[in-house]
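Q: This structure is in structure tokens; I'll ask about it shortly.
The values are calculated or read from the model by the stated rules, or taken from the named source; none is laboratory data. Quick caveat, the model's predicted, so the values are computed rather than measured. Glycine also receives a Cβ, built like all others from the backbone with ideal geometry; neighbour counts cover every protein chain displayed. SASA here: full protein model, heavy atoms, side chains in, ligands and nucleic acids out. Shrake-Rupley method; radii C 1.70, N 1.55, O 1.52, S 1.80 Å.
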Amino acid sequence: MRTLVVVPTYLEVENIEEALTRLRTHAPTVDVLVVDDSSPDGTADVAKRVATELGQIDVLVRPKKTGLGEAYRAGFAVGIERGYEILVQMDADLSHDATALPGLLAAVEDSGADLSIGSRYVPEGSVPHWPWHRRALSRWGNWYAGFMLACGVHDMTAGYRAYRRTILEAVRYHETRAVGYGFQIELAYRVSSRGGKIVELPITFADRVRGHSKMSPKVAFEELWLVTWWSLRDRPWWRPKKQRAKRYGTHEPKNASSE
């Protein structure tokens, strides 16, 4: 299945070359789209040079930084317009191990998943270098999101994912509103509400060693607020999935079961 890996970037000049090289090494047949928000450090220029050297890489430069959600919506729009069958989310900071990508793709291609997630919080998944308080906050946030939205997903905020194109179209990904990392939660919730099959595969999440994290109190507040709002609006703890599904699309995904 034709696959496009969407890699959003902002101030990743120290990481982008190594990230793309690893990606090409471990997934040589996929195409890559770097979506850069006009990074002032020259990230896009390095990405374009690497694209020339490695091939199968395009670079989309957006006018300004408007958030992770907007970057992914722009990248998915390009992928769908070009007819890709699988669209992948992957960070540029080397936290996502490229060796895990074939497994995420196989879950969609061979196991019928609509969404496969590289999960830190299933058996054998781990975040080895985080201090206990950061790990505890992340686990609590994911538990809260999963519980309030009744998704059954352990790692709602995970950013390493592979989507079947048809599920993105079915849940109307372009109508999502989250700006930051809440985008991950919003899409997982939509896929779950539509009855899409979600599979979580264990990954080891490596903390960045170069550059600066884009997480901030503002981003964390957006996640908390959106999860609370969606749960109050949709009342997923008692509203049947069929009723919730009407909000998130009119077409049934290719696979209608969920795990």
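Q: Run through the stretch 52-132 and list the GluC sites (Glu not before Pro) located in a DSSP loop whose Cβ has at most 10 other Cβ atoms within 10 Å.
A: Listed in order of number, the matching sites are E124.
Q: Now a separate question. Calculated FRET efficiency, W143 and R172, Cβ-Cβ r, R0 35 Å, to nearest 0.05?
A: 0.80
Q: Could you report the accessible area of S38 in Å², rounded to 10, computed with a 1.4 Å probe on the protein chains as they sit in the structure?
A: For S38, the solvent-accessible surface is approximately 50 Å².
Q: Per residue, how much accessible surface does the stretch 47-148 expose to a 1.4 Å probe? Answer in Å², no decimals.
A: Dividing the accessible area of the stretch 47-148 by its residue count gives 46 Å².
Q: Counting only pairs 8 or more places apart or on different chains, how many lysine pairs in the chain have C-alpha atoms closer than 28 Å?
A: The result is 14.
Q: Starting from the Cα gyration tensor of the stretch 1-137, take the square roots of the eigenvalues, sort them a ≥ b ≥ c, and report rounded, prolate or oblate (rounded when a/c is under 1.5, otherwise prolate if a/b is larger than b/c, else oblate).
A: Here the stretch 1-137 falls in the oblate category.
Q: Can you tell me what share of the DSSP beta bridges in the chain is antiparallel? A percent to the nearest 5 is fine.
A: So the antiparallel bridges amount to about 25 percent of the total.
Q: Test of understanding: what is the full-extension gain from A220 to K64, defined as 0.36 nm times their sequence separation minus their Cα-Cα distance?
A: Working it through step by step, the gained length comes to 54.0 nm.
Q: For R135 and M1 in the same chain, what is the full-extension length gain: residue separation times 0.36 nm, less their Cα-Cα distance, in nm?
A: 44.7 nm is the gain from fully extending R135 to M1.
Q: Taking chymotrypsin sites (Phe, Trp or Tyr not before Pro) as candidate sites, keep only those in a DSSP loop with at most 12 other Cβ atoms within 10 Å, then name the longest stretch of the chain containing none of them.
A: Result, exposed sites excluded: 1-236.
Q: Using a 1.4 Å probe over the heavy atoms of the protein chains, calculate the carbon and sulfur portion of the accessible area of the chain as a whole percent.
A: So the carbon and sulfur contribution to the accessible surface is 57 percent.
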